[in-house]
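Student: So that we are looking at the same thing, I have put the structure below in structure tokens.
The values are calculated or read from the model by the stated rules, or taken from the named source; none is laboratory data. Just so it is clear, the model here is predicted, and its values are computed rather than measured. With ideal geometry, Cβ positions are generated from the backbone for all residues, glycine too; neighbour counts draw on all protein chains shown. Areas reflect the complete protein model, heavy atoms only, side chains present, ligands, DNA and RNA absent. Shrake-Rupley method; radii C 1.70, N 1.55, O 1.52, S 1.80 Å.
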Amino acid sequence: MSAEARPEVTKASIRQRIWDYLENENLAEFPRPVHHRIPNFKGAALAGKEVAKLDAYKKARTVKVNPDKPQEEVRFLILEAYKTLLVPTPRLQKGLFNRIVPPPGANKEMLRKCASSQGVKNYSVPVGLDAKVKVDLIVIGSVAVSKEGYRLGKGEGYADLEYGMMSAIMKAVDEHTLIITTVHDCQIVDIPTNLMSEHDVPVDIIITPTQMVTCPKRAKPTGIIWSKLDANRLQEIPILRTLYEKEQKAGKDVRLKEDFVMAEPFS
């Protein structure tokens, strides 16, 4: 009798396995269910406090952090330390990112409010694409990561686009910019190399409530890989359309995914 074929391992199957495990083992925290989110997990605040112990964090002046719940403690600690906190705009609809600006004389309670998802909306000012910004450190959420530095987000690609635009437009990051993720221990899994593409942003350090993992150094994207995108993506994200037109005028190769199938150029 032949052995049963193993189910194909995909990015989607890894995400599903992690989301299911966090829920089934009651390791998830609000908001629940965690499916299709950067999952909040028990011990997220403890992992956030561990980030603040790193020399790279202590030296950083400007830190970019995603707006998801599990990274809320990191955002609070950045504000408490009077560092500059940058947070991506939701779904990149109104630019690339905002700077969180607490009210004058804000106490800890107010800083925690500013660090929340609602506070990120209410106490922020947009940062223009032409702003001279140097991001010293990135803290990013993940659905799954491997000790090799491979990362899976929730599957929408915004973190990869954000990094590409920070590199291509603002020159705010480079290959030396450290990327840290905070996750639950169960989110560290094997991710096959063949699933990863050149546009996927790797992580340098993984921090959980119980451990820190230093990953092998991997090449980071240096811009937007247009051949991975389609015309619909440009329509969904105005800032991406702006960059596309800018690079097109500069004579760069901005062929989209469909351009490799159809002869017609994008218009």
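Student: How much of the accessible area of region 150-267, in percent, comes from carbon and sulfur atoms when a 1.4 Å probe is used?
Tutor: In region 150-267, the share of accessible area belonging to carbon and sulfur is 49 percent.
Student: While we're here: Pairs to check: 154/249; 113/220; 42/113; 58/132; 83/154. Give those whose C-alpha atoms are more than 25 Å from each other in this structure.
Tutor: Violating the 25 Å limit, Cα to Cα: 154/249; 113/220; 83/154.
Student: What does the charge count around residue 227 come to, taking other residues whose C-beta lies under 15 Å from its C-beta (Lys +1, Arg +1, Asp -1, Glu -1)?
Tutor: -3
Student: Which residue fluctuates most in the GNM of the chain (Cα springs below 10 Å): 108, 220, 147?
Tutor: Taking springs between Cα atoms under 10 Å, the residue moving most is 108.
Student: Then there is this: In terms of the ratio Rg/(2.2 N^0.38 Å) built on C-alpha atoms, what value belongs to the chain?
Tutor: 1.03
Student: In addition: Need the full-extension length gain, residue 17 to residue 190, defined as separation in residues times 0.36 nm minus the C-alpha distance. One decimal, nm.
Tutor: Stretched fully, the residue 17-residue 190 segment lengthens by 61.1 nm.
Student: Normalised by the residues of region 33-166, what does the relative contact order come to in percent, with Cα pairs under 8 Å and at least six apart?
Tutor: The value is 27 percent.
Student: Looking at the chain only, what percent of DSSP beta bridges run antiparallel? Nearest 5 please.
Tutor: Taking every DSSP beta bridge with both residues in the chain, the antiparallel ones total about 50 percent.
Student: Please give the per residue accessible area of the chain, computed with a probe of 1.4 Å over protein heavy atoms only, in Å².
Tutor: On a per-residue basis, the chain sits at 52 Å².
Student: Take every DSSP beta bridge whose two residues both sit in region 66-214, then give the antiparallel share in percent to the nearest 5.
Tutor: Given both bridge residues lie in region 66-214, the antiparallel proportion sits at roughly 60 percent.
Student: Still on this structure, I have one more. For region 57-167, list log₁₀ I(q)/I(0) at each q in 0.10 Å⁻¹, using the Debye formula over Cα point scatterers of equal strength and ignoring solvent, two decimals each.
Tutor: Normalising to I(0) and taking log10 leaves -0.28.
Student: Summarise the accessible area of region 19-142 (1.4 Å probe, protein heavy atoms) by the percent that is carbon and sulfur.
Tutor: 51 percent
Student: While we're looking at this one, here's another question. From the helices alone, meaning DSSP H stretches of at least four residues, give me the mean residue ellipticity at 222 nm for the chain, per-run term -39500 (n - 2.57), in deg cm²/dmol to the nearest 500.
Tutor: -8500 deg cm²/dmol
Student: At 7 Å along Cα-to-Cβ for each site, give me the label-to-label distance between residue 107 and residue 210 in nm.
Tutor: My value for the distance between the label points is 3.8 nm.
Student: Any chance you could check the Cα centroid distance between region 178-195 and region 36-51 for me, in angstrom?
Tutor: Cα centroid to Cα centroid, the span is 14 Å.
Student: Translational diffusion coefficient, Stokes-Einstein: compute it for region 99-253 using the Kirkwood radius over C-alpha pairs as Rh, at 4 °C and 1.567 mPa s, and state it as an integer in µm² s⁻¹.
Tutor: 75 µm²/s
Student: Something else now. Using heavy-atom solvent-accessible surface (probe 1.4 Å) with all chains present, what is the largest-first order of 125, 254?
Tutor: 125, 254
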